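Every number in this text was worked out from the coordinates using simple rules, so none of it is lab data. Predicted model only: the values in this text are computed from it and were never measured. Here the Cβ positions follow ideal geometry from the backbone for every residue, glycine too, while neighbour counts run over all protein chains shown.
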Amino acid sequence: MRLHAIGFGSLNLDEFWEVDQEFLRIYGLEPGNEYVKDVEWFAAVYPVLRRQGSLKAIDPGGSAANMIAALRKMGFQTGFYGATGKDDVEAIRLDELGQPENLNVKKVDLPAGRCLALIDRRDAARDRALVILPNANDLAAALFALDSFFRLCTCSVAH
C-alpha cells in the first residue's frame, strides 16, 4: 500500500503543568522560550515540579508524530518510524499514528522523550515555557538506516 505520509523521529510524552511564576524564575525559564535539558536537570527539578505544580494533561507529542496523528484523523494513510521507551508505549498511543503494519517503532530501555509545557498559572495569555528531555528520541536516527528508510518509503510526504 502506498502511504500518503510517513513520520520519522520524536515520540514524546507532552506534559502540561501549571506552575507559579516563581518556579519559572528559580529555574531560569521564560514563557515563550524552548529549552533542552539533560537527565540531571530533570532529576533535580521533577520532584519539585510534582510538589509545586499542577499536572493538567499528558499526551503523545513530537512534531512529526503530531503531524502524522492529525493526518490520520483526517483519513490519510500514514506510518511512522521512531523510538520510544518500552514502559511508555501505551501512553504514546501508537494506533493514532497508523496501522500496525505501517509503524516501525523501536521500544528501548529508556523513557520516552518528554516535553514539559510549563504554564504560569497567573498568566492570562497562557504562554508556556517548553522544556525538552530527548531520552529515547536520541536513538531514533541510530536505530534506522535512513537510506533504506527513504528507499522503502512509498509515500507522498515524509516528515
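Odds and ends about this structure:
- Ranked by how many other beta carbons lie within 10 Å on average, peptides 23-34, 88-99 from highest: 88-99, 23-34
- Per-residue 3J(HN,Hα) values for segment 64-80, derived from phi via the Karplus relation 6.51 cos²θ - 1.76 cosθ + 1.60 with θ = phi - 60°, read 5, 5, 4, 5, 5, 4, 5, 5, 4, 4, 7, x, 6, 7, 10, x, 8 Hz in sequence order (x marks Gly and Pro).
- Between the listed residues Phe8, Leu49, Ile26, the Cα displaced farthest toward the positive end of the dipole of segment 1-103, a dipole computed from Cβ unit charges relative to the Cα centre, is found at Phe8.
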